[in-house]
Amino acid sequence: MSACVVGVPKELKFQEGRVGLTPAGVRALTTLGAKVIVEQNAGVLSGFSDSAYGAAGAEVVEIPQVVWGNSDIVVKVKEPIASEYQHLLLLKNKTLFTYLHLAGGPIELTRALMSNEITAIAYETVSTLDEVGRPVFPLLVPMSKIAGTQAMRGALARFEPEYFSDLNAVIIGGGNVGEAALQRALGSNVRFISVFESWHQRECELREKYGSDKVKIFSFSLLNEDIGRKCLKMADIVICGPFLPGGKEAPIVLTGKHFGKLKKGCYISDVSIDQGGSTSWTKGHSTKPGETFTRGARNLVFSAVPNIPGSTVPIEATKALTEATLPYLLDMASEYLRSTAGDYRALREDGALRKGLQTYRGWITNEYVASHHGIMSEYKPLDYFFS
């Protein structure tokens with residue numbers, strides 16, 4: 001029987017409070033027969049002590065190199081930052097399981113993953129299909145829901161509760177972010193909410209579920225028509241949460257022509273800032289939780305907080321993330337326990353997990369990322385390895 005070691009390093013990215021695995025997740029892995037190494041204080045900001053990890057069966061170590069250098073699978077939350085690239089040398093020919101967003105990050109990270117022949121699996125592109133053939137991203141869903149809820153909560157915090165019933169909100173993007181924001185607005189008795197969604201079937205679903213005198217669901221194409229201009233002119237709050245699959249950068253949905261229609265002091269939250277930003281005035285301009293910047297003659301207020309779940313509710317977010325990632329991690333660990341080629345076996349057997357693959361055996365396997373970084377000559381499709 002082969003061995004499997006899962007490593008959980010401490011997150012170093014600014015304002016990231018989550019950790020890659022809860023003690024309950026550790027217990028599930030050790031029960032399976034895997035060994036788990038956790039870096040000291042990795043779970044502190046998520047409410048998990050070193051002793052809790054130890055009680056669950058993990059080995060808690062002080063030095064991060066011990067985690068990276070002795071693991072078959074390193075499970076994180078966010079992509080490695082520059083100071084962690086040195087650790088990728090220790091993960092050569094092993095597996096990294098985390099959010100990566102390589103298209104929006106520096107090419108140096110992609111290069112480091114490739115040069116060390118790391119099997120890099122990105123949470124954000126692990127995908128399956130629902131009953132009608134639509135792509136579903138199970139490792140994005142829980143975080144997207146939290147982000148949408150928190151974005152609307154942050155917007156409403158600027159107003160006194162007794163005035164919520166006077167507010168009008170516009171939500172651009174009716175996916176998990178948008179629906180969660182809508183639910184939060186409804187629960188807070190916001191007066192009128194308009195949602196603009198680009199996919200017709202989703203538009204119809206939202207209309208059937210929420211449509212009323214208080215909630216109107218529109219096609220995204222109408223945002224630039226009279227009805228869209230009217231909604232923007234009335235808006236006190238705008239939540240932008242568009243999403244493109246495949247690790248792509250977010251589309252720009254608001255530009256100067258839209259800003260000119262908004263009322264003075266309108267609050268705009270760009271939830272898609274993790275994917276590069278979805279407005280022309282927030283792209284490349286992030287903010288900290290609770291901070292905003294004001295721009296334009298209408299004194300529009302912008303919030304563009306990256307990583308909303310990890311920076312605002314890390315305890316809740318870590319539990320939700322582990323619940324989503326653990327089944328995939330258990331499957332990978334099981335394959336490693338059967339064979340030293342555990343990564344290949346897991347990817348071959350699980351099509352959803354395979355879609356998360358970004359780099360493999362020194363090649364880039366995400367076509368969009370390869371094109372975005374201008375390295376198509378170093379791209380190989382998944383079928384090249386798993387035909």
Within the chain: Cβ-based charge dipole about Cα centre, in debye rounded to nearest 20 (Lys, Arg +1; Asp, Glu -1):
920
Please give the residues of segment 292-321, grouped as numeric ranges, whose backbone N is less than 16 Å from a label point set 7 Å along the Cα-to-Cβ vector of ALA24.
314-321
I'd like the distance separating the alpha-carbon centroids of segment 294-354 and segment 216-286, in whole Å.
25
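Under the 0.36 nm per residue contour assumption, what length would be gained going from the current alpha-carbon distance of LEU382 and ASN224 to full extension? Before the final figure, lay out each step's value.
On the way: separation 158, 0.36 × 158 = 56.88 nm, distance 3.87 nm.
So the extension gain works out to 53.0 nm.
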Can you list the HN-Hα couplings for segment 268-279, worked out from phi with the Karplus curve (6.51, -1.76, 1.60; θ = phi - 60°), rounded to whole Hz and with x for Gly and Pro?
10, 10, 9, 6, 8, 4, 5, 9, x, x, 10, 10
If you filter segment 133-195 for chymotrypsin sites (Phe, Trp or Tyr not before Pro), then keep DSSP loop positions with at most 16 other Cβ within 10 Å, what is left?
PHE159
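Over segment 167-227, what is the relative contact order in percent, taking alpha-carbon pairs closer than 8 angstrom and at least six residues apart?
RCO, segment 167-227: 35 percent.
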Which residues' amide hydrogens lie under 5 Å from the amide hydrogen of ILE268, considering only partners 5 or more residues apart or on another chain, with H built in the peptide plane?
VAL238, VAL301, PHE302, SER303
Net charge over other residues, Cβ less than 13 angstrom from the Cβ of ASP383 (K, R count +1; D, E count -1)
+3
Need one word for segment 175-243: rounded, prolate or oblate. Basis is the Cα gyration tensor (sqrt eigenvalues a ≥ b ≥ c); a/c below 1.5 gives rounded, then a/b vs b/c decides.
rounded
With labels modelled as points extended 7 Å from the Cα through the Cβ direction, what inter-label distance (nm, one decimal) is found for LYS92 paired with ASP213?
7.0
For the chain, modelled as a Gaussian network with Cα springs under 10 Å, which listed residue fluctuates most, SER127, SER269, SER198?
SER198
Footprinting exposure proxy for GLU291, GLU203 (fewest neighbouring C-beta atoms within 10 Å first):
GLU291, GLU203
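So what is the 222 nm mean residue ellipticity for the chain from helices alone, if each DSSP H run of at least 4 adds -39500 (n - 2.57) and you divide by all residues, rounding to the nearest 500 deg cm²/dmol?
-10000 deg cm²/dmol
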Cβ crowding within 10 Å averaged over residues, with 180-187, 257-264 ranked highest first
180-187, 257-264
Taking every other residue with Cβ under 11 Å from the Cβ of SER144 and scoring Lys and Arg +1, Asp and Glu -1, one gets -2
Once both label points are put 7 Å beyond Cα along the C-beta direction, the ALA297-GLU367 separation in nm becomes 4.6
What is segment 9-139 by shape, rounded, prolate or oblate, if you read a ≥ b ≥ c off the alpha carbon gyration tensor as root eigenvalues and call it rounded for a/c under 1.5, prolate for a/b larger than b/c, and oblate otherwise?
oblate
The exposure ranking of HIS372, HIS101, fewest beta-carbon neighbours within 10 Å first, is HIS372, HIS101
Separation between the LEU12 and THR255 pseudo-spin-labels, each 7 Å from Cα along Cα→Cβ, expressed in nm?
3.9
With +1 on the Cβ of every Lys and Arg and -1 on the Cβ of every Asp and Glu, the dipole magnitude of segment 141-306 about its Cα centre, in debye rounded to the nearest 20, is 380
Tell me, what is the percent relative contact order of the chain, built from C-alpha pairs under 8 Å that lie six or more residues apart?
19
DSSP beta bridges in the chain, what fraction antiparallel, as a percent rounded to 5?
20
Considering only DSSP beta bridges where both residues belong to segment 141-306, give the percentage that are antiparallel (nearest 5).
10
Amide H neighbours of SER339 under 5 Å, counting only residues 5+ apart in sequence or on other chains, H built in-plane at 1.01 Å?
SER2
Gyration tensor on Cα atoms of segment 141-306, a ≥ b ≥ c root eigenvalues, a/c under 1.5 rounded, else prolate if a/b beats b/c, else oblate, says rounded
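Read-outs throughout are calculated quantities, based only on the coordinates presented, and are distinct from any laboratory measurement. What you see is a predicted model, and the numbers here were worked out from it, not measured in a lab. Cβ: placed from backbone, ideal geometry, glycine included. Neighbour counts: every protein chain shown.
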